[in-house]
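The values are calculated or read from the model by the stated rules, or taken from the named source; none is laboratory data. All values derive from a computational prediction rather than experimental measurement. We place every Cβ from the backbone using ideal geometry, glycine too, and count neighbours over all the protein chains shown. The protein model used for the area step is the full one, side chains on, heavy atoms only, and it has no ligands, DNA or RNA in it. Shrake-Rupley method; radii C 1.70, N 1.55, O 1.52, S 1.80 Å.
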Amino acid sequence: QVQLVESGGGLVQPGGSLRLSCAASGIIFSMYDMDWYRQAPGKQRELVAVITSPGRTTYADSVKGRFTISRDNAKNTVYLQMNSLKPEDTAVYYCNANFLKVGYWGQGTQVTVSS
């Protein structure tokens with residue numbers, strides 16, 4: 001049974017930082033590309049960051065220079081370090097694992113940026 005469990009969300013003031021984690025089980029983690037998506041109220045889910053199986057990273061323009069995606073294959077975990085947070089970063093953040101067009105989703109973690 002595949003499980004992706006996100007954690008680390010919460011309420012933070014503008015300019016603050018959070019680190020999200022996504023722990024995976026039931027898959028050969030190192031073989032999967034891992035993504036972070038987010039969905040704000042009333043908006044479509046959007047891709048935030050990708051880290052491929054070999055470790056190559058890409059980011060949405062809106063988060064470049066502020067967010068960093070990383071992975072620890074020994075812990076089957078992917079991270080999203082979020083710095084200089086803005087109110088427009090408020091969303092539910094989802095972890096996605098994909099390999100050869102087979103994908104799995106976590107349940108999401110809420111991030112709220114507000115003063």
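When you go through (1) open to solvent by less than 60 Å² (accessible area, probe 1.4 Å); (2) within 18 Å of Val2 (Cα to Cα) one by one for Ser70, which number turns out not to apply?
(2)
Run down Val48, Val78 and say which single residue is among the aliphatic types (A, V, I, L, M), open to solvent by less than 20 Å² (accessible area, probe 1.4 Å) and out of contact with any Cys (no Cβ under 7 Å at 6 or more places or on another chain). Let's see the steps before the verdict.
On the way: Val78 fails: out of contact with any Cys (no Cβ under 7 Å at 6 or more places or on another chain).
Only one candidate qualifies: Val48.
Can you tell me how many residues within the stretch 1-22 are open to solvent by less than 80 Å² (accessible area, probe 1.4 Å), of a type in the set (A, V, I, L, M, F, W, C) and under 24 Å from Gly65 (Cα atoms)?
Final tally of qualifying residues: 4.
Only one of Ser84, Ser62, Ser115, Ser53 is among the hydroxyl-bearing types (Ser, Thr, Tyr), outside any strand (DSSP E or B) and open to solvent by 70 Å² or more (accessible area, probe 1.4 Å). Can you tell me which?
Just a single option satisfies the conditions, and that option is Ser115.
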